[in-house]
Amino acid sequence: MKIPSLSRADLLSEMLLELIEILRDRSGDTWTAIVRIAANKSAAIAIDDTCIYLQAEGGQELHIKISDADPIVENDFESTGRTLSDVMFGRASLDKSVASGKIFIRASFGDLLKIRSVVASVLADTAIEPRLQSLWEKFEREW
């Protein structure tokens, strides 16, 4: 009997929830910044042709709910898996990817600066957190 593989939306949801759990376990400044930016907000995310909708509620516990994105809602984040992989492994910078249009983020300028700071912290944490490195490798392998 063949075990069905996850849909891309399920795979993306699973990896995002794993990322949140890793960062929550680590606590510290990166987690505090994520809570400050994400609490009580939502976003439609599209990677390649896969779209999901995230809702973050609460404070330090930050409960994440992921569902299918409404096809008529504009995305708040768009990119390709290849571009994200390039950023995760240091082959491209987040700044250059956003400036070139390879990553699109719909947010205020203040939120963009906060997002940039969180991404930089997460990428820096990768050097000392094997679970993050493993997650990036899983993304590159399975996406």
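Some notes on this structure:
- Considering residues of the stretch 41-73 that are over 18 Å from Glu21 (Cβ atoms) and of a type in the set (Val, Ile, Thr) only, the residue surrounded by the fewest Cβ atoms within 10 Å (Cβ to Cβ): Ile72
- Pair list, Cβ under 9 Å, 6 or more apart: the stretch 68-81 residue closer than 19 Å to Lys41 by Cα and touching a residue at least 24 places away in the same chain (Cβ under 8 Å), other residue among the aliphatic types (A, V, I, L, M) and surrounded by fewer than 16 Cβ atoms within 10 Å (Cβ to Cβ): Asp76/Ala107; Phe77/Ala107
- For Gly101, the conditions (1) under 18 Å from Leu12 (Cβ atoms); (2) in a loop (DSSP other than H, G, I, E, B); (3) modelled with pLDDT of 95 or more all hold with the exception of (1).
- The stretch 4-19 - residue that is at pLDDT below 95 and over 14 Å from Asp68 (Cα atoms) and, of those, surrounded by the fewest Cβ atoms within 10 Å (Cβ to Cβ): Pro4
The values are calculated or read from the model by the stated rules, or taken from the named source; none is laboratory data. A quick note: this is a predicted structure, and the numbers were derived from the prediction, not measured. Don't worry about glycine lacking a Cβ; one is built from the backbone with ideal geometry, like all the others, and counts go over all protein chains shown.
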